[in-house]
Amino acid sequence: SDVNPGSSPIVSLLASVHMAGVFFGLGPAEALSGVTTHAARALGLGSDRGRIAPGYRADFTVWDLDAPSQLVYQMGGLAPSDIYIGGRRV
């Protein structure tokens, strides 16, 4: 959410997740938590976003993958099968 040429020039969230896992040693769960739960909390939105749980907004992406680790370790070529915002498929 803070793309800028000075300190955060990467526009791809998946590229950031990939770098967290491959270059910075985070495991898949840690990298994915960093862009979901921890990101929502850092933005002051942790009370109703960043997790799939009762009472939280249903903002999520569905990926047709064999394992969540593919989001972290595969660089490029991944496309979501569905995207939901506020519980509605977009």
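Some values worked out for this structure:
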item: Region 16-44, residues that are within 13 Å of SER69 (Cα to Cα) and β-branched (Val, Ile, Thr); result: VAL17, VAL22
item: Test: residue in region 49-59 that is touching a residue at least 40 places away in the same chain (Cβ under 8 Å) and touching a helix residue (DSSP H, G or I) at 6+ places or on another chain (Cβ under 8 Å); result: no
item: Neighbours by Cβ (under 9 Å, 6+ apart or cross-chain): first from region 66-90, charged (D, E, K, R); second surrounded by 10 or more Cβ atoms within 10 Å (Cβ to Cβ); result: ASP82/PHE60; ASP82/THR61; ASP82/VAL62; ASP82/TRP63; ARG88/ALA58; ARG89/ASP82; ARG89/ILE83
item: VAL35 being farther than 20 Å from VAL90 by Cα and within 10 Å of the chain's Cα centre (by Cα); result: yes
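Quick note: the coordinates plus some simple rules give every number you see, no bench work behind them. What you see is a predicted model; the values in this text were computed from it and never measured. Here the Cβ is made from the backbone with ideal geometry for all residues, glycine too, and neighbour counts use every protein chain on show.
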